[in-house]
Amino acid sequence: SNQFDYHPNNKGYINSTTIGGSLLEHYRLGYSINYRRDFSHPNAGYHTSVNTQYKGRYQSYSINTTKSSNNKTNLRLGINGAIVLHQSGVTLAPDLGNTFAIVNTNGIAGIKTNRSSQAITDNNGNLILPHIMPYRKNTIGLNINSLPEFSNTKTQSKIIVPTLGAVAKINFPINIGYNVLFTSNTPIPFAANVMAFDDNNNLISSDSVYDHNRIFLSGIKESGTVQVKWGDTEEQQCFFHYNVKNESKNNSIIKKQIYCQ
């Protein structure tokens, strides 16, 4: 834009030209350049200013520089943002507000919520949701399109009613694992208890035997051991080891034949 001002008292005029705009995705980078020329007396001279602002995911940065005809140059740098120290780590945020929430996704990064299309969980699986409404029901839901492949969670949304100035903690127990339908070539009783363990003998999933010797387990690791139990004696249980590393993962459910012994 260009602006022209005439000052009859000084019998002079001022001409000001400004160029500005925004760049990058979501207009993260903004800039403006202004050149002001003063032809009035005794203030004849020029003034130039350049302003840039970058809005990062967690902080915003600004640079402002000015130069005038008297060879005076100024440079100003700015940064805005917030740092929250909590039990699950240290989390950055562009803003907090009086009441905010900390979302934890069990250490899984890159997950969004229904509150923002840009904010995502960091490498520790944490995310700050600022400006939560106090004394009201706030529904915080996961953006299912942002969930990684082969992820599982029993809860996709939660409701919080925080007080003014409170910090609400929201946990979503998301696990990365495979959904596998095992079919045993040896007979196993219907409705028998099924427990899946990882290679460190940690329980990772449980279910029951379905009809036709089928077992469906969700959220299991790439390899592990499965115990099928329908009584208290050794004869009333069987085990099998599995590994789905070389199985086709084009579908959401992997099908595998096993022998439970």
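The values are calculated or read from the model by the stated rules, or taken from the named source; none is laboratory data. All values derive from a computational prediction rather than experimental measurement. Virtual Cβ from ideal backbone geometry, glycine too; neighbours counted across all protein chains shown.
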- Query: Name the residues in the stretch 3-58 that are under 25 Å from Ser117 (Cβ atoms), modelled with pLDDT of 85 or more and of a type in the set (Ser, Thr, Tyr), would you?
  - Reply: Ser22, Tyr31, Thr52, Tyr54
- Query: Of all residues in the stretch 232-261 being assigned to a strand (DSSP E or B) and aromatic (Phe, Trp, Tyr), which is surrounded by the most Cβ atoms within 10 Å (Cβ to Cβ)?
  - Reply: Tyr242
- Task: Evaluate the following for Val90: is it surrounded by 15 or more Cβ atoms within 10 Å (Cβ to Cβ) and at pLDDT 90 or above?
- Result: no
- Message: Exactly one of these conditions fails for Arg57: (1) more than 25 Å from Glu149 (Cβ to Cβ); (2) in a loop (DSSP other than H, G, I, E, B); (3) of a type in the set (Lys, Arg). Give me its number.
- Response: (1)
- Task: Can you confirm whether the stretch 222-231 contains a residue that is outside the structural domain of Thr139 (by TED's automatic domain parsing), over 19 Å from Phe150 (Cα atoms) and in a loop (DSSP other than H, G, I, E, B)?
- Result: yes
- How many residues does the stretch 202-221 contain that are over 15 Å from Ile176 (Cα atoms), touching a residue at least 24 places away in the same chain (Cβ under 8 Å) and not in a strand (DSSP E or B)? 2
- Message: Here is a list: Thr153, Thr163, Thr139. Which entry is modelled with pLDDT under 90, among the polar types (S, T, N, Q), assigned by TED's automatic domain parsing to the domain that holds Gly89 and out of contact with any helix residue (DSSP H, G or I) (no Cβ under 9 Å at 6 or more places or on another chain)?
- Response: Thr153
